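Right, one structure below, let's go through it.
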Amino acid sequence: MVRGVRGATTTEANDENEILAATEEVVGQMIKENNISPEQVAQVLITVTPDLNAAFPARALRSFDGWTFVPVMCATEIDVPNALPKCIRIMMTVNTDKQQKEINHIYLKNAKQLRPEFAR
C-alpha cells in the first residue's frame, strides 16, 4: 500500500547549513518514527517558502545511508500572505503495510503550528 508521510520544520535564517541541518533533522525523525527504509520510498517532494533559497534541501537526504537512488525534488511553496516564514515541508511517498492512522507525521520548531495534533 502507498502512503504519504508528512513533515515540516523551520529555520531561523536563509542559510545553507541551517536549511540542510533542519531538513536532515525532520527527515531523520520521519525515517526513524515510521521505520522507513530507502527501498520503500517511491519519491520525496520538498517545498520551501520563497524566503529560503540558500540551498536545495534535497541534498540533506544524501547524508542517509542508502538514499542515493531515492528520487527527490524541491519546489517553492506558493507565496501566501502571512504564511509561516522560513518553512520546509516534506511529503514522502512510501510503500508500507501501515494504516493511515499509524503513520507518524513530524512537525518541528515553528512548523508545529501547521498541524498541532502532530507537533513534537
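Computed from the coordinates by the stated procedures, all read-outs in this text should not be read as laboratory data. Not measured: the values here are computed from a predicted model. FYI the Cβ positions are ideal-geometry reconstructions off the backbone, even for glycines, and counts take in every protein chain you see.
At a threshold of 8 angstrom on Cα-Cα distance, excluding pairs fewer than six apart, so keeping six or more, what relative contact order does the chain reach in percent? Walk me through the intermediate numbers first.
Working: 231 pairs, mean separation 49.8, N = 120.
Over the chain, the number comes to 42 percent.
Please find the FRET efficiency linking Phe69 to Lys32, where r is the Cβ-Cβ separation and R0 is fixed at 22 Å, and quote it to the nearest 0.05. Write out the running numbers ahead of the final one.
Values: r = 20 Å, r/R0 = 0.93.
Efficiency for this residue pair is about 0.60.
For region 21-37, putting each phi into the Karplus relation 6.51 cos²θ - 1.76 cosθ + 1.60 with θ = phi - 60° gives couplings of 5, 5, 5, 4, 5, 5, 5, x, 5, 4, 5, 5, 6, 10, 6, 9, 9 Hz, in residue order, rounded to whole numbers and with x for Gly and Pro.
With each label modelled as a point 7 angstrom along the Cα→C-beta vector, the Gln99-Arg115 pair spans 1.8 nm. Per residue, the Cα convex hull of region 29-120 amounts to 107 Å³.
Just rank Lys101, Lys112, Lys86, Lys32, fewest to most, by other beta-carbon atoms within 10 angstrom. Could you put the intermediate results ahead of the total?
Working: Lys101 5, Lys112 16, Lys86 22, Lys32 11.
If I rank by nearby Cβ atoms, fewest first, I get Lys101, Lys32, Lys112, Lys86.
For Ala8, the residues 5 or more places off, or on other chains, whose built amide H falls under 5 Å of its own are Ile90, Ile106, Tyr107, Leu108. Computed over neighbours whose Cβ is under 9 Å from that of Pro50, the net charge equals -3, Lys and Arg +1, Asp and Glu -1.
If you count the DSSP beta bridges with both ends in the chain, what percent of them are antiparallel, to the nearest 5?
Numbers: 16 of 24 bridges.
Given both bridge residues lie in the chain, the antiparallel proportion sits at roughly 65 percent.
Dipole orientation for the chain: of the candidates Ser37, Pro50, Asn14, Ser37 has the Cα lying most toward the positive pole (charges on Cβ; Lys, Arg +1; Asp, Glu -1).
Qualifying GluC sites (Glu not before Pro) in region 1-66, where qualification requires a DSSP coil assignment and no more than 10 other C-beta atoms within 10 Å, comprise Glu12.
Per-residue Cβ neighbour counts within 10 Å put Val5, Val70 in the sequence Val70, Val5, beginning with the fewest.
Relative contact order for region 46-104: what percent, with Cα pairs under 8 Å and sequence separation of 6 or more? Walk me through the intermediate numbers first.
On the way: 49 pairs, mean separation 29.7, N = 59.
With pairs under 8 Å counted, the relative contact order is 50 percent.
Of the chymotrypsin sites (Phe, Trp or Tyr not before Pro) found in region 37-120, those that fall in a DSSP loop while having at most 12 other beta-carbon atoms within 10 Å are Phe69. Sorting Arg3, Arg89, Arg62 by the number of Cβ atoms found within 10 Å of their own Cβ, with the fewest placed first, yields Arg62, Arg3, Arg89.
Residue-wise HN-Hα couplings along region 83-92, as the Karplus relation 6.51 cos²θ - 1.76 cosθ + 1.60 with θ = phi - 60° gives them from phi, are 6, 4, x, 6, 10, 10, 10, 10, 10, 9 Hz; Gly and Pro carry x. In this simple spin-label approximation, Glu16 and Gln43 carry label points 7 Å from Cα along the Cα→Cβ vector, and these lie 2.8 nm apart.
Distances between placed amide hydrogens fall under 5 Å for Glu77 paired with Val48, Thr49, all partners being 5 or more residues away or on another chain.
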